[in-house]
Amino acid sequence: MKRKMKRNILLVEDEEAHARLILRIFSEFKEEFKISWVKTIKEAKDLLKKNDFSAIIADYYLPNGDGLGLIGEGKKRSIPVIILTSYGSERLAVRAIKIGAADYIPKSIGELYRLPQVVEKAIEAWNTALEKERIEKAFYLLLESMDCFAYILDRDLRYLYATDKARERLKIRKDKIIAKKFDEFHSKKDTGIFKKKAKEAFESGEVITYDFYDESRNVFLRRKLIPIGEPPTKKISYLLVVSEDVSLAKQADYRQKKIEKREKELTKKIKEMERLKGGIISNVSHELKTP
C-alpha cells in the first residue's frame, strides 16, 4: 500500500487476545500506521483530548458502554470510526452505520486481516466527504452572496436548494421548499417555457439563457440554466437556476428605443419639411421669373 504519511489510529478493545492480534496485523504496516491501544471508553476519550488521530477502531461491546458512543467523538474531531462486531451481528453493524460509523468489521481472523485496508479506505472516503462538504458550503455561501435568486432543481424540476432571496420571493420557508415542484410556484405560461428550456439544458449540457416577463409579479427576469454533472459519470442530473430581475434594464432599454423611434420620426418629418420647403421655394422662384 502506498502511503504519503503515517496514520495515527486509536484502538479501543478490552479483549487482550483480539487487541494483540490487531496490533500484530498492523505491525506489518509500521510505515503507514501507528496504533494506540486502550481498553475503555474513558481511556479513549482521555487520549482523544491529548492526541490527534486519523481514525478510531472500537469494539462494539466494551466494559463501560459500547463502541457506538465513540462515533460522536469521531464526528466532533472529523475522523472516521470503524466498529468491530461479533461474527453474525449484522443488525448491530447496520445500526452502527446508521448512527454514523464509517465501516464495520466482524471479529473473525479472516476479516481482521483486512483491517489495514478497511481503515485506509475509510480515512480516504471520510476526507473526500469532508472536502466535498467544504466545497459545497463555499458554493452555497457564494450563491447566498449573489444579488439574484438562485436555486437547484433535479430532473423532475423539484427544488433541492433555494437561496434566502429566492425563498423570500416565493414566500416559502426553507423547510417547506425542498422536494416542491417548479410549477407549484410559477404560472402555467412560465412553467411551459421553463420546461422547454430545462429540457434543452439537460440534453445539451450547455448553459441556457433567456428573458421572461413574470406577469404575476410584474417583473422581467433573465434566467440562466446551468447544468450540473454528477461525478464520476458527469451525467447531467441537476440544474442551477440563476434568475436576475432586469426590469430596470428593460425599462431603460424601452425608453431608449422609444427615444430612438421619436428621433427617427422627427428626422423623417424634418426631411419631409425640407423637401416641401424646397418645392415651395422652387415654385416661388419659378413664378417670380415668369412675366
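Figures for the structure shown
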item	result
Residue pairs, from the table LYS137/LYS235; LYS34/LYS235; LYS171/LYS235, whose Cα atoms sit over 29 Å apart	LYS34/LYS235; LYS171/LYS235
Sequence-distant residues sharing a close amide H with TYR104 (under 5 Å, placed H)	ILE83
Gain upon complete extension [ASP164, LYS30; 0.36 nm per residue less C-alpha separation]	43.2 nm
Residue order, fewest to most surrounding Cβ atoms within 10 angstrom, among PHE149, PHE220, PHE139	PHE139, PHE220, PHE149
Per-residue Cβ neighbour rank within 10 angstrom, fewest leading, GLU32, GLU200, GLU13, GLU215	GLU215, GLU200, GLU32, GLU13
All Cα pairs of the range 152-245, percent lying beyond 23 Å	20
Spatially proximal aspartates and glutamates relative to LYS174 (Cα-Cα < 19 Å; intrachain offsets below 8 disregarded)	GLU136, GLU144, ASP147, ASP154, ASP164, ASP183, GLU184
Global geometry of the range 7-137, whether rounded, prolate or oblate, following the gyration tensor of its Cα atoms and the 1.5 cut on a/c	rounded
Among the listed pairs LYS181/LYS234; LYS176/LYS196; LYS189/LYS268, those beyond 28 Å (Cα-Cα)	LYS189/LYS268
Long-range amide H partners of TYR238 with built H, under 5 Å	ILE228
Fewest-first ranking of VAL242, VAL94, VAL12, using other Cβ atoms within 10 Å as the exposure measure	VAL94, VAL242, VAL12
Per-residue ³J(HN,Hα) for the range 96-102, Karplus 6.51 cos²θ - 1.76 cosθ + 1.60, θ = phi - 60°, Hz, x for Gly and Pro	4, 5, 4, 6, x, 5, 6
Cα gyration tensor shape for the range 137-179, rounded if a/c is under 1.5, else prolate or oblate	oblate
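No value in this document is a laboratory result; all are computed from the given coordinates. Note that this is a predicted model, so its numbers are computed, not measured. Glycine also receives a Cβ, built like all others from the backbone with ideal geometry; neighbour counts cover every protein chain displayed.
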